[in-house]
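Following: one structure in C-alpha cells, then a few remarks.
Every number here is computed from the coordinates shown, using simple stated rules; none is lab data. Computed from a prediction, not measured in an experiment: that's the story for all the values here. Cβ placement follows ideal geometry from the backbone for every residue including glycine, while neighbour counts extend to all protein chains displayed.
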Amino acid sequence: MKAPTFSLPDQDGNTHSLTDYAGKKVLLYFYPKDDTPGCTTEACNFRDRLNELKDHGVQVLGVSKDSVASHKKFAEKFHLNFPLLADEDGTVVEAYGVWKEKSMFGKTYMGISRKSFLIDEEGNIVKHYENVKPEEHVEEVLTDILA
C-alpha cells in the first residue's frame, strides 16, 4: 500500500515531505502529546538508538498535532536528534487513520493513537505497528529491519 504523502514543518520550521526521503526507509511514528511520559520514553528511545536505525537506512520522523513551538521545547529538553513534525490541522493524522476516539477516566475524546508505519524506499507501507508500547517500540522496529 502506498503511504499517504505529506508536507509538514519540523521543530525548526523546516518542511519535510515524504518525497524528500525517496530511496530511504522511513519510520513515521505518531504520538499523542509532547513531553508526556509515554511519548517522552518513546522519543528518547529513538534518540538513543538513532545511529543503529540510520545504519540500516531508516529515517525516523515523529508526528503529533502539537505546534512547532511545542515540538521545539520538547526536542531541546530531551536533546532529540530527529525531526518532530507538526500536523496542527490534523490532515496527516487523518490520512494515516490514527485520529481515533479514546477514553480516560470515563471521558471520551478524540486523539492520536500511538501507531507507526515503516515505509520502504519506494514509498510503500511495509509494516503498520498498531499496538505500540513506548518502552519496546524501537527494539521491535530494529528486529523487523534486520529480519
Pairs of lysine residues in region 32-147 - Cα separation under 19 Å, sequence separation of 8 or more or cross-chain: 21
Mind sorting Thr36, Thr143 by how few other Cβ atoms lie within 10 Å of their own Cβ, fewest first? Thr143, Thr36
Calculated FRET efficiency for the pair Met104/Met1, C-beta based, R₀ 30 Å, to 0.05: 0.45
Based on alpha-carbon centroids, what's the gap between region 9-25 and region 101-128 in Å, whole number please? 19
I need to check one value: relative contact order of region 7-146, counting alpha carbon pairs closer than 8 Å and at least 6 residues apart, in percent. 31
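Mind checking region 94-138 for chymotrypsin sites (Phe, Trp or Tyr not before Pro) that DSSP puts in a loop (not H, G, I, E or B) and that have at most 15 other Cβ atoms within 10 Å? It would help to have the intermediate numbers written out before the result.
Numbers: sites: Tyr96, Trp99, Phe105, Tyr109, Phe117, Tyr129; in loops: Tyr96, Phe105.
Passing sites in region 94-138 are Phe105.
Which percent, nearest 5, of DSSP beta bridges in the chain are antiparallel? Please list the in-between numbers first.
Working: 19 of 28 bridges.
So the antiparallel bridges amount to about 70 percent of the total.
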Net +/- balance of residues flanking Asp87 in space, Cβ distance below 10 Å, scoring K and R +1, D and E -1: -3
Of the candidate values [x] 35, 16, 12; [y] 21, 17, 17; [z] 21, 17, 13, the one computed for semi-axes √(5λ) of the Cα gyration tensor in Å from this structure is [y]
